[in-house]
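*Asks:* Okay, here's the structure, questions in a sec.
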Amino acid sequence: MPPEEMGRRDFLKYTAALGVGLVIGGGIGYTLRKPEVQVVPEKKPVVEEEKLKETIKIGHIAIFSGPFGTYGELQKRGSQLAMEEINASGGILGSKVEIVYRDSAAKSAEAVKQVRSLVENEGCDFIIGIDSSGVVLGVAEVMPEVNKLLFVTHAATHRLTEELVYKKGIKEVFRLAVPVYQDGIMAAFIAAQLPATKWAAVHPDYEYGYASWELFQKTLSKLRPDVEFVAEAWAKIGTTDFSPYISSIMEKKPEGIHTVEWGVDLFTFVRQAKQMGLFDAVKYEGGYAWINPMGYSIDAMEALKNEYPEGCWVSGRYVWMYPDTALNRKFVKAHLDRWGHYPAYSGETSYTAVYLIKRLIELTHSLDVDTHIKTLENMVIYSPAGARLIRKEDHQAIYEVPYGQIKHDPNYPIPVLENLKAVPAQEYYRHPPFEEMPPFTELYKKVMSKA
Amino acid sequence: MELQAIAFQLIIGLATAMLYWIVSSGLTFTFGVTRILNFAHGAFYMLGAYFTLTFFEVLHNYVVALFLGALCVGLVGALCERTLISQIYHLPIHFQLVLTFGLILIFEDLVRMVWGSVPKMISAQFVGSIPLFGKTLPMFSLYIILAGIAIALLMYLMLSKTYWGLQIRAITSNPEMAMCCGLNPTFLYATAFMFGAFLAGLGGGLTLPISSAAPGMGENIIIYAFIVTVIGGLGSIKGAFISALIIGAVESLGALFVPWLAIALPYIALSAVLLLKPEGIFGEA
Amino acid sequence: MMLVSLVVLSSLLIPLTGNKYALYLSTKIWILVLYAIAFNVLFGYSGLLSFGHALFFSGSAYTLAILVTRLNFPLALGFVCGIVISALFSIAVGVLSLRHREIHFAMVTLAFSMLFWGIVMKWRDVTGGEDGITGVPRGLPLFWFYYFSLAVVVLSSYFIYRFVKSDLGLILEGIRENETRVQFSGHSILKYRLYAMLVSGTFTGVSGALWALLDRTVTPTISHWTFSAVPVIVTLIGGPQNFLGPAVSTLIYVIVQDIITKYTLYWQFIFGVAILAVVLFFRGGVMGIVENYIDSLMKGGR
């Protein structure tokens, strides 16, 4: 093409091509550049004021896009609040805290890439967050390779702590949130106290649903040999119309429902179940034999409000009204003031994760991973959700989260919980080596006598 | 299993089927006329839900909000057609897939910027139920079924009773001939794309009262719309209607008889149909 | 050719920079480069748009992971078995789908790959369902694994290059341009397309097996249709008519995405705009621009 014939369009093309070229070149250069190496000074006990590092960097990975993007937002509120509080009161041993947020897009490979990018390029000292089971297992596998600690704040698969930490010995991973024990085992403790004997399930069609239902059935049939499990429905994630699942369940005349639906699917499910009379079908004197372990999630409460019937049994990985301690009241108030929302469970776990990192560094005066692991094992921390014991064997934080019945209270913008029932955590967090359930009989008597 | 239970399950499945029909009607129509396979159809569906939500919050009238919402999506669709899609009509099909894929990404994030990432609901609209076969059929199922039939009627009337519909049919069956007769393809393609987007928006708005508006809500539904459209035969409106009925029945009976297989059923149906009749039930080879 | 050798030689140096993230990312890029090049055998050279290449990719990744972690196969054997399975898959899918054209072919391949996805999600005892399979051993430290991947990718690409430039490749291009003419000259179209499918699927399998080793985890994401869309987009950005187009654009794709996600949680928006720009303004892809530019230089005689 002769130069003078080069039209406007071509000119645009070449200019843009040049731009793309520059971006690529710059990108390669940027990616390949050496990270600024932060030299961690040797611990010098004499010099009091010496900082470990100018800024302590924390990488926070959660789902920020797609239908479950709100879960990243809920986590961010917690960790950002903690960061702001800590920085306002002098940081960690004088160092500022900085949190870098990254989207996992709910994909394992993407999250693994982000972990590497955060640690190896951004120089993050810790990783927190992670929403889903499939993602957390992939991420846990790379933690020894990048040699940093991971504090899991949401993902609930028991395989993380039982298989990867305990059996396989990946010591860099800790979980601050209660796993599916809450959704399966603890749920069965509640179910055992209800009159219903025929139970049915409506679950999301993936690992979390299967694991919760398996644990629920196993535990409940031990506690109550008289119960039957009459039906199960597996709804794909993102179901718009739950009615085929609801009616196939109702066909089997259940007296109780166990459902671990969450997020948008839960909103849809509750709305449609209500109109199809599924709640009425499982009514008993004291409410509904309806157990929805993650039902008291803030997003669900804010969306459904009073549409979620009073008397249903719900829980979370933390509920903001429990325990009634000064620390928890202070946290809930700070969260409300800062964001105008009650804290979500993953908000609490993220908040606690940042404070735990602060405590850890203050205790050890170090950023050494092995020192941190040793310090964390069997450590007890005080958090808004109450005292947490970090169990040595599986690095699972043990704390209790109650179930309660939904109550519509005009004094609150969202439903609250009443009739809270908590079981001492060590009774239902499976013990290593995990093949056996904890000895339920004693506890069961205790719980039942209270009922 | 009693016959009654199966019959009831089929009626419930009819609502699911109509849901799929509502979403795929616009997709297959747009393809039939413009030969554009619009991946962003799910994004238009999502936009429909959000526009309806916003109009509802202002006007407190669901039906008005629904139409205004769908209309806005139609306008967005027309805008996309004029500025972007019209540039690639003459190009191979993969350009469309990638371009409309880009649109999905853009709309997803726009929605998060404007409405936030927290899913939103409006108050339940079609509350109550009617007795049927000794069970209760919820009003919302009935409403979805009626909405599906209404859309089928609307499409029938638009295509067979209006001058626009006549032109659309002409340009669909023989573009060269239609242009020779003086039809304006630019106008027709733009309006056809707009109508397809309008239908997608209507779908999103229609499902709003039974579920919620959330970023990424189109992602899940679009793959089902594709399955329905492909089984029915790409571009065939009648085919989409019938294959939506098939998928709805397969899903609802699957939930009753083989719950553990549920997630794979539509793909099994799709593979089976494609192996036997790759152009779909009503498709042209 | 000189350029290619230069790139390959210079990429030998990446591990020596000592930046572990760059090492990881460039390994990933190499793997995706092979994925895109293998895909393009079918798309660019045979004119068949497959929307189900995730099947071959995850087929071999899962086979490797299952054999090695569950049945204690040696790693090398698992690696080979994974690739063999992909080859078998590609023959099976090819036999069933190659009769179809254009969008119908895309849909048949999509259907099969999503069927596989359904199996992966449901056959939990073996595949781990949504959680996938973790703890796949890599056998090598990342430093050496990079060189291993590089070697495998370069050799595979060379083989694919020889394939598309052979008589077979020319016949395939002929079929793409004018099916009937090739048919009249006495060649069986189906047979040649099956060869293309086999080569494409098998080398996609090679990249899948490498992927399983790099991340040491296999999840259903890599068998979902969205993962089949990756090479389609990448190839389009790069330009399907050029052998190196997909490779160059994979590099751009991964690096640009990496940079965008660093600065904003709204990375999808920027990425979407970039895709629109490519489709509207750079239809020949990046390599198309380069070729045009070289052409204009030559003709213009500036």
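*Asks:* Among residues other than A:GLN217 whose Cβ falls under 13 Å from its Cβ, what is the net charge (Lys/Arg +1, Asp/Glu -1)?
*Replies:* Numbers: positive: A:LYS198, A:LYS218, A:LYS222, A:ARG224; negative: A:ASP183, A:GLU214, A:GLU228, A:GLU232.
Combined, the nearby Lys, Arg, Asp and Glu give 0.
*Asks:* What is chain C's relative contact order, in percent, from Cα pairs under 8 angstrom and six or more apart in sequence?
*Replies:* Working: 431 pairs, mean separation 90.8, N = 302.
That works out to 30 percent.
*Asks:* Per DSSP H run of at least 4 residues, take -39500 (n - 2.57); add these up for the protein assembly as shown, divide by its residues and hand me the 222 nm value, nearest 500 deg cm²/dmol.
*Replies:* Working: 40 runs with 614 residues, N = 1038.
Value at 222 nm, helices only: -19500 deg cm²/dmol.
*Asks:* Same structure, new question: From the P(r) of segment C:24-224, can you give the percent of Cα pairs sitting at distances over 28 Å?
*Replies:* Working: 5269 of 20100 pairs.
Above the 28 Å cut-off, segment C:24-224 has 26 percent of its Cα pairs.
*Asks:* Which whole-Hz ³J(HN,Hα) couplings does segment C:167-175 yield from phi under the Karplus relation 6.51 cos²θ - 1.76 cosθ + 1.60, θ = phi - 60°, glycine and proline marked x?
*Replies:* 4, 4, x, 5, 4, 4, 5, x, 4
*Asks:* What is the average number of partner chain Cβ atoms found within 10 Å of a Cβ in C:251-257?
*Replies:* On the way: counts 3, 6, 0, 3, 9, 4, 3.
Per-residue shielding by partner chains comes out at 4.
*Asks:* Quick one: order C:PHE148, A:PHE189, B:PHE187, A:PHE174 by neighbouring beta-carbon count within 10 Å, fewest to most. Don't skip to the end; give the middle numbers.
*Replies:* Numbers: C:PHE148 15, A:PHE189 22, B:PHE187 11, A:PHE174 25.
Listed from fewest to most nearby Cβ atoms, that is B:PHE187, C:PHE148, A:PHE189, A:PHE174.
*Asks:* When the Kirkwood radius is taken over all Cα pairs of segment A:66-224, what Stokes-Einstein diffusion coefficient follows at 25 °C and 0.890 mPa s, in µm²/s? Mind dumping the intermediate values first?
*Replies:* Details: Rh = 17.4 Å.
Answer from the Stokes-Einstein relation: 141 µm²/s.
*Asks:* Counting Lys and Arg as +1 and Asp and Glu as -1, what is the net charge of the other residues whose Cβ lies under 13 Å from the Cβ of A:ASP103? Before the final figure, lay out each step's value.
*Replies:* Details: positive: A:LYS76, A:ARG102, A:LYS107, A:LYS113, B:ARG112, C:LYS262; negative: A:GLU73, A:GLU110, A:ASP131, B:GLU108, B:ASP109, C:ASP258.
Overall, the nearby charge balance is 0.
*Asks:* Taking amide H positions as placed in the peptide plane 1.01 Å from N, state which residues far from B:LEU137 in sequence (5 or more) or on other chains have amide H under 5 Å from it.
*Replies:* B:ILE130, B:LEU132
*Asks:* 7 Å from Cα along Cα→Cβ at both B:LEU3 and C:LEU190: what's the point-to-point distance in nm?
*Replies:* Calculated label separation equals 4.5 nm.
*Asks:* Still on this structure: Note down the net charge around A:LEU356, summing +1 for each Lys or Arg and -1 for each Asp or Glu among other residues with Cβ under 11 Å from its Cβ. All intermediate terms of the calculation are to be shown ahead of the outcome.
*Replies:* Working: positive: A:LYS358, A:ARG359, A:ARG388; negative: A:GLU362.
Result for the local shell: +2.
*Asks:* Using C-alpha positions alone, give me the convex hull volume of segment B:1-112 per residue in cubic angstrom. Before the final figure, lay out each step's value.
*Replies:* Details: hull volume 17.1 nm³, N = 112.
Value for segment B:1-112: 153 Å³ per residue.
*Asks:* Would you please name the GluC sites (Glu not before Pro) within segment A:205-313 that are DSSP coil residues with at most 13 other C-beta atoms within 10 Å of their C-beta? Before the final figure, lay out the partial values.
*Replies:* Values: sites: A:GLU207, A:GLU214, A:GLU228, A:GLU232, A:GLU251, A:GLU255, A:GLU261, A:GLU285, A:GLU302, A:GLU307, A:GLU310; in loops: A:GLU251, A:GLU255, A:GLU261, A:GLU285, A:GLU310.
Counting only loop positions with at most 13 other Cβ atoms within 10 Å, the GluC sites (Glu not before Pro) in segment A:205-313 are A:GLU285.
*Asks:* Counting only C-alpha contacts under 8 Å and six or more residues apart, can you give the relative contact order of segment B:22-217 as a whole percent?
*Replies:* On the way: 277 pairs, mean separation 91.0, N = 196.
Across segment B:22-217, relative contact order equals 46 percent.
*Asks:* Would you please give the FRET efficiency between C:GLU291 and A:ASN87, computed as 1/(1 + (r/R0)^6) with r the Cβ-Cβ distance and R0 = 56 Å, to the nearest 0.05?
*Replies:* Details: r = 53 Å, r/R0 = 0.95.
Once the sixth-power term is evaluated, E becomes 0.55.
*Asks:* Shifting gears a bit: Taking the Cα centre of each part, how many Å lie between segment A:51-99 and segment B:218-285?
*Replies:* What the calculation gives is 46 Å, centre to centre.
*Asks:* Over all pairs of distinct alpha carbons, what does the Kirkwood formula give as the hydrodynamic radius of the protein assembly as shown, in Å? Kindly include the intermediate steps, with their values, before the conclusion.
*Replies:* Working: mean 1/r = 0.0333 Å⁻¹.
One over the average 1/r among Cα pairs gives 30.0 Å for the protein assembly as shown.
*Asks:* Right, here's the next one. Could you give me the percent of Cα pairs per 10 Å distance bin for segment B:22-217, shortest bin first, beginning at zero and ending with the bin that holds the maximum distance?
*Replies:* 9, 34, 32, 18, 6, 1
*Asks:* What's the exposure ranking of B:HIS41, B:HIS94, going from fewest to most Cβ atoms within 10 Å?
*Replies:* On the way: B:HIS41 32, B:HIS94 21.
Least to most surrounded, the residues fall as B:HIS94, B:HIS41.
*Asks:* Using a 7 Å offset from the Cα along the Cα-to-Cβ direction at both C:LEU77 and B:VAL63, what is the distance between the two label points in nm, to one decimal?
*Replies:* For C:LEU77 paired with B:VAL63, the spin-label model returns 7.1 nm.
*Asks:* Taking the Cβ of each residue in A:TYR403, B:TYR89 as the centre, tally the other Cβ atoms inside 10 Å and list the residues starting with the fewest. Let's see the in-between values first.
*Replies:* Values: A:TYR403 27, B:TYR89 15.
Fewest to most other Cβ atoms nearby, the residues stand as B:TYR89, A:TYR403.
*Asks:* For a protection proxy built on the mean count of beta-carbon atoms within 10 angstrom, sort A:215-226, B:5-16 highest first, please. Present the calculation step by step, with values, prior to reporting the outcome.
*Replies:* On the way: A:215-226: 17.7, B:5-16: 21.8.
Sorting A:215-226, B:5-16 by mean packing, highest first, produces B:5-16, A:215-226.
*Asks:* Once you place label points 7 Å from the Cα toward the Cβ at A:TYR412 and A:LYS253, how far apart are they in nm?
*Replies:* Each label point is offset 7 Å from its Cα along the Cβ direction, giving 3.7 nm.
*Asks:* Can you list residues from other chains, or at least 5 along the same chain, whose modelled amide H is less than 5 Å from the amide H of A:ILE99?
*Replies:* For A:ILE99, whose amide H was placed from the backbone, the distant partners under 5 Å are A:ILE58.
*Asks:* Sticking with this one: Place the peptides B:149-160, A:382-393, B:21-32 in order of packing, highest mean first, counting for every residue the other Cβ atoms within 10 Å and averaging per peptide. Working shown, then result.
*Replies:* Working: B:149-160: 14.5, A:382-393: 19.8, B:21-32: 28.4.
Ranked from most to least packed, the peptides come out as B:21-32, A:382-393, B:149-160.
*Asks:* Right, another one. For chain C, compute the number of Lys pairs whose alpha carbons are separated by less than 30 Å, excluding pairs fewer than 8 positions apart on the same chain. Kindly include the intermediate steps, with their values, before the conclusion.
*Replies:* Working: C:LYS20/C:LYS28; C:LYS20/C:LYS262; C:LYS28/C:LYS122; C:LYS28/C:LYS165; C:LYS28/C:LYS262; C:LYS165/C:LYS191; C:LYS165/C:LYS299.
Lysine pairs meeting the criterion: 7.
*Asks:* Check every DSSP H run in chain B and write down those whose alpha carbon atoms cover 24 angstrom or more along the long axis and whose mean Kyte-Doolittle hydropathy is 1.6 or greater.
*Replies:* On the way: long enough: B:3-34 (44 Å, 1.50); B:41-59 (26 Å, 1.09); B:62-83 (31 Å, 1.72); B:93-115 (33 Å, 1.53); B:139-161 (31 Å, 2.01); B:185-207 (33 Å, 1.24); B:237-257 (30 Å, 1.72).
Answer set is B:62-83, B:139-161, B:237-257.
*Asks:* For the cross-link pairs A:LYS51/A:LYS113; A:LYS167/A:LYS358; B:LYS161/B:LYS238; A:LYS171/A:LYS218, which exceed 25 Å when the distance is taken from alpha carbon to alpha carbon? If you can, show how the numbers build up before the last one.
*Replies:* Working: A:LYS51/A:LYS113 30 Å; A:LYS167/A:LYS358 29 Å; B:LYS161/B:LYS238 17 Å; A:LYS171/A:LYS218 29 Å.
From the list (A:LYS51/A:LYS113; A:LYS167/A:LYS358; B:LYS161/B:LYS238; A:LYS171/A:LYS218), the Cα-Cα distance tops 25 Å for A:LYS51/A:LYS113; A:LYS167/A:LYS358; A:LYS171/A:LYS218.
*Asks:* What does the structure give for A:263-269 when I average, per residue, the other chain Cβ atoms found within 10 Å of the residue Cβ?
*Replies:* Working: counts 3, 11, 5, 2, 6, 7, 1.
That average works out to 5.
*Asks:* Within 10 Å of each Cβ in peptide A:160-172, how many partner chain Cβ atoms are there on average? Round it to a whole number, please. Mind showing how you got there, number by number?
*Replies:* Working: counts 2, 0, 0, 2, 2, 0, 0, 0, 2, 0, 2, 0, 0.
The shielding value for this peptide is 1.
*Asks:* Further question on the same structure: Could you tell me the calculated FRET efficiency between A:LEU336 and C:THR226, based on Cβ-Cβ distance and R0 = 45 angstrom, to the nearest 0.05? Please list the in-between numbers first.
*Replies:* Details: r = 38 Å, r/R0 = 0.85.
So the FRET efficiency works out to roughly 0.75.
*Asks:* Let me ask you something else. Give me, ordered by chain and number, the residues 5 or more places off A:GLU400 or on other chains with an amide H under 5 Å from its own placed amide H.
*Replies:* Under 5 Å from the amide H of A:GLU400 lie the amide H atoms of A:ALA425, each far enough along the sequence or on another chain.
*Asks:* Taking a virtual spin label 7 Å from the Cα of C:LYS165 along the C-beta vector, which residues in segment C:219-263 bring their backbone nitrogen under 17 Å of it?
*Replies:* Answer for segment C:219-263: C:241-248.
Values quoted throughout were computed directly from the atomic coordinates according to the rules given, and no laboratory measurement underlies them. Please read all numbers here as calculations on a predicted model, not as lab measurements. Virtual Cβ from ideal backbone geometry, glycine too; neighbours counted across all protein chains shown.
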